[in-house]
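Structure record follows, encoded as structure tokens.
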Amino acid sequence: MHASPIRALLLEQIHSEAVERLQSAGVEVTSLDRALDEAELIDAVAGMHLLGVRSKTHVTGRVIEAAPQLLAVGAFCIGTNQIDLHSATEHGVTVFNAPFSNTRSVVELVIAELIALTRRLTEKNELMHGGIWDKSATGAHEVRGRTLGIVGYGNIGTQLSVLAENLGMRVLFYDTADRLALGNARRCETLKELLHDADVVTLHVDGRPENRNIFGAAEFAAMREGSLFLNLSRGFVVDYAALRGAIESGHIAGAAVDVFPVEPKGRGDEFVSELRGLPNVILTPHIGGSTEEAQQDIGQFVANKFLDFVTEGSTSLSVNMPALGLPRRKDTLRLVHLHRNVPGVLARVNGILAEAQVNVEAQLLGTRGDVGYLVTDSVSGTTQAIVNQIRAMPETIRLRVLV
Ligand SMILES: NC(=O)c1ccc[n+]([C@@H]2O[C@H](COP(=O)([O-])OP(=O)(O)OC[C@H]3O[C@@H](n4cnc5c(N)ncnc54)[C@H](O)[C@@H]3O)[C@@H](O)[C@H]2O)c1
């Protein structure tokens, strides 16, 4: 590890699991419950090597510039929009997030909602609260034997596919990428084919800009009469005015929506949407991935990323750096060299090492955009003079020595 202790600042009530993991590895942790504004953060981050935030703290270019010793920022959440990634990369700060920790939480909510919609539970529940006993089977179905159409067969789509089959559903999927079908799921060649054959359509596409409004009046019209629609992916992929029309006309029998093109900023703010007040429509405030289990998993995941990065230089699954993970023998000294991605850097580093008769035991180079990441292990001979020489190269952004 580092010669001096590694210090971490964790904000916004990051799960205690993360604090414990870091502390048990010898990291000095300062943990605050709230988000900090830019000026507060600039003061607080002084002397910190690791910074953990959730979605409310903005890690701006000014924050990163003010913290030359900062090695890594962890987004203890999925999104990284709150972090100036360009500035982080420029200053050699590695950024991690937890892209998979809430997959299961989203899938379980989808399962709950598709059963609730198929049984029209929302309406029964509302009537009961109004004192009305409406015992009837009309319009209520089992999900067993029904066909689920999954649009976007990634982390969430595939896990949903497995659980839905276990409930006895038939599964179809459509993905723009070539994805392997799990279990008995059937791949559709076109979205149209899926819409034609599915009783329930659920969206799990990613947030690439081309996905804006991919689902509108034409797609709802192409769905089966009386089918159900769910969107727990991104708000901007669906035209919700068109969904309202399809529900009011009775063509779509129910919907569950968790994500919206514009979402209220804070708890208690008014939620404005054309979907309010519709029958058999479940609206939730972007909570698909919000469970205590997911928070705990995120805490463990990002804390582990921090530790692997500090001790091994591993950038695996980093958001902004070349992804490298090279197993390390205990007796080696590791040079971790982040540099500008221009020709000749590898040759120059190896020239310096060769000149000093240093035998390289293992070496790995990765590049991503403007930066290159070179990990070099040696057993003996790597002196401070060599380190200084590599650090002085004009292409060097940051050089870490792991002993
Ligand atoms: N509601 C929540 O709280 C919550 C929580 C976690 C994730 N999400 C969202 O769920 C979505 C899926 O997450 P994931 O981890 O499974 O993502 P992923 O990247 O693993 O999978 C997305 C899949 O969609 C496919 N795809 C992209 N555009 C497509 C299109 N137009 N048509 C068909 N397929 C398309 C991709 O090829 C990929 O296989 C993301 O948008 C994510 O932001 C929401």
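Is one or more of the residues making up the stretch 187-194 surrounded by 14 or more Cβ atoms within 10 Å (Cβ to Cβ) and either more than 11 Å from the ligand (Cβ to nearest atom) or basic (Lys, Arg) (or both)?
Going through the stretch 187-194, the residues surrounded by 14 or more Cβ atoms within 10 Å (Cβ to Cβ) turn out to be 187-188, 191, 193-194.
After this cut, where a residue has to be either more than 11 Å from the ligand (Cβ to nearest atom) or basic (Lys, Arg) (or both) as well, the list is 187, 193.
Yes, that holds for at least one residue.
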* Asked: Mind checking whether some residue in the stretch 187-210 is under 23 Å from the mean Cα position of the chain (by Cα) and part of a helix (DSSP H, G or I)?
  -> yes
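Restricting to the stretch 29-86, and then to whatever is among the basic types (Lys, Arg) and under 18 Å from Ile14 (Cα atoms), can you tell me which residue is surrounded by the most Cβ atoms within 10 Å (Cβ to Cβ)? So that I can check it myself, show each step before the final result.
In the first step, residues of the stretch 29-86 are kept if they are among the basic types (Lys, Arg); the result is 34, 54, 56, 62.
Okay, now just the ones that are also under 18 Å from Ile14 (Cα atoms), so 34, 54, 56.
Values: Arg34: 10, Arg54: 19, Lys56: 15.
Restricting to residues being among the basic types (Lys, Arg) and under 18 Å from Ile14 (Cα atoms), the top hit is Arg54.
Can you spot a residue in the stretch 306-313 that is away from the ligand (no atom under 16 Å from the Cβ) and closer than 30 Å to His204 by Cα? Spell out the reasoning first.
Filtering the stretch 306-313 for residues away from the ligand (no atom under 16 Å from the Cβ) gives 306-313.
Filter once more, so that each one left must be closer than 30 Å to His204 by Cα: 306.
Yes; the residues of the stretch 306-313 include at least one that is away from the ligand (no atom under 16 Å from the Cβ) and closer than 30 Å to His204 by Cα.
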* To do: State which residue pairs qualify: first residue over 22 Å from Arg146 (Cβ atoms) and more than 16 Å from the ligand (Cβ to nearest atom) and inside the stretch 218-243, second residue at pLDDT 95 or above and not in a helix (DSSP H, G or I) in any location, beta carbons under 7 Å apart, and separation of 6 or more residues or different chains.
  => Ala241/Glu274; Ala242/Gly216
* Val205 within 11 Å of the ligand (Cβ to nearest atom) and either farther than 19 Å from Gly288 by Cα or modelled with pLDDT of 95 or more (or both) -> yes
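Table: residues versus (1) away from the ligand (no atom under 16 Å from the Cβ); (2) part of a helix (DSSP H, G or I); (3) at positive phi.
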site	(1), (2), (3)
Ala112	no, yes, no
Glu123	yes, yes, no
Ile132	yes, no, no
Val143	yes, no, no
Ile150	no, no, no
Gln159	no, yes, no
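Being free of Cβ contacts under 8 Å to residues at least 60 places away in the same chain and among the aromatic types (Phe, Trp, Tyr), is that true of even one residue in the stretch 128-136? Quick ask: steps written out before the conclusion?
Let us first name the residues in the stretch 128-136 that are free of Cβ contacts under 8 Å to residues at least 60 places away in the same chain, namely 128-136.
This time we only want the ones that are among the aromatic types (Phe, Trp, Tyr), so: 133.
Yes, some residue in the stretch 128-136 is free of Cβ contacts under 8 Å to residues at least 60 places away in the same chain and among the aromatic types (Phe, Trp, Tyr).
Select the strands (runs of 3 or more DSSP E) contained entirely in the stretch 331-399, then report the ones holding at least 1 residues which are among the basic types (Lys, Arg) and surrounded by 14 or more Cβ atoms within 10 Å (Cβ to Cβ). Before the answer, list the steps.
Values: elements: 333-340, 360-368, 371-378.
The strands (runs of 3 or more DSSP E) meeting that bar are 333-340, 360-368.
The values are calculated or read from the model by the stated rules, or taken from the named source; none is laboratory data. The shown structure was predicted, so the numbers you read here are calculated from the model rather than taken from an experiment. Note that we place each Cβ from the backbone using ideal geometry, even for glycine, and neighbour counts take in every protein chain shown.
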